[in-house]
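Beneath this line is the structure, given in structure tokens, with notes to follow.
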Amino acid sequence: LETPKGRAMLMHFNLNPAVSIHQILSLKPKVDVYNGVVRLKEFCPKHIPWIPASATHVIFQTEWTLIDLVSGEFDSITTKGEPIPIKDKTHDIELHPTFTLQGKGRDIIVLTLRFATYQNGQYVFCHDSSCETGMVLAVN
């Protein structure tokens, strides 16, 4: 992570070998690495090329980690988006962490996407490996 080549190798790293986030999400997220904010403009769940048969919702989440490679210390925050019904409606999504990570080190921001089924008043996540994927969006 201390070299440009090392950071470049981690950028866009796919967290699920079964399915790439690019296979599910055609939009390019915008990332504000200094504030941990991720934006997706004009996202339409019905345009996802592959949706599990039982899924009723899609849920985005970010993980922002600040790692100090010298001291070995790190801090992390998870931001969960609201479940989005899989309908033919466009959404502008903004995932804002509740606080900004402070300190020295390298920022890494990961975006994950999960499918869920809404039943009996709660969201049940699909557990098939092709129902969740993620990607490193930023390494700074």
Item to check | Spin-label model distance (nm) - Thr78 vs His22, 7 Å beyond Cα toward Cβ | outcome: 2.8
Next on the checklist: Are there any chymotrypsin sites (Phe, Trp or Tyr not before Pro) in the range 62-140 that are in a DSSP loop and have at most 13 other Cβ atoms within 10 Å? List them by number.
Outcome noted: Phe99
Checklist entry - Which entry in (1) 1.15; (2) 1.30; (3) 1.09 is this structure's computed Cα Rg over 2.2 N^0.38 Å? => result (3)
Checklist outcome for this item: The lysines whose Cα lies under 27 Å from the Cα of Lys89, excluding any fewer than 8 residues away in the same chain, are Lys28, Lys30, Lys41, Lys46, Lys80
Checklist entry - What's the carbon and sulfur percent of the chain's accessible surface, probe 1.4 angstrom, rounded to a whole number? => result 52
Checklist entry - For the range 49-140, what is the charge dipole size about the Cα centre, in debye to the nearest 20, if Lys and Arg each add +1 at the Cβ and Asp and Glu each add -1 at the Cβ? => result 160
Checklist outcome for this item: Ranked by GNM mean-square fluctuation in the chain (Cα springs under 10 Å), the top entry among Ile93, Ile48, Ile59 is Ile48
Checklist entry - Trp50 to Asp92: extension gain in nm, 0.36 nm per residue of separation minus the Cα-Cα distance? => result 13.1 nm
Item to check | Surface per residue (accessible, 1.4 Å probe) for the range 67-107, Å² | outcome: 71
Checklist entry - Once both labels are modelled 7 Å past Cα along the beta-carbon direction, what's the His12-Lys104 spacing in nm? => result 3.2
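The values are calculated or read from the model by the stated rules, or taken from the named source; none is laboratory data. Since the model is a prediction, treat every value here as computed from it, not as a measurement. Using ideal geometry, Cβ is built from the backbone for each residue, glycine included, and neighbour counts are taken over all protein chains shown. Surface accessibility is based on the protein's heavy atoms, side chains included, excluding ligands, DNA and RNA. Shrake-Rupley method; radii C 1.70, N 1.55, O 1.52, S 1.80 Å.
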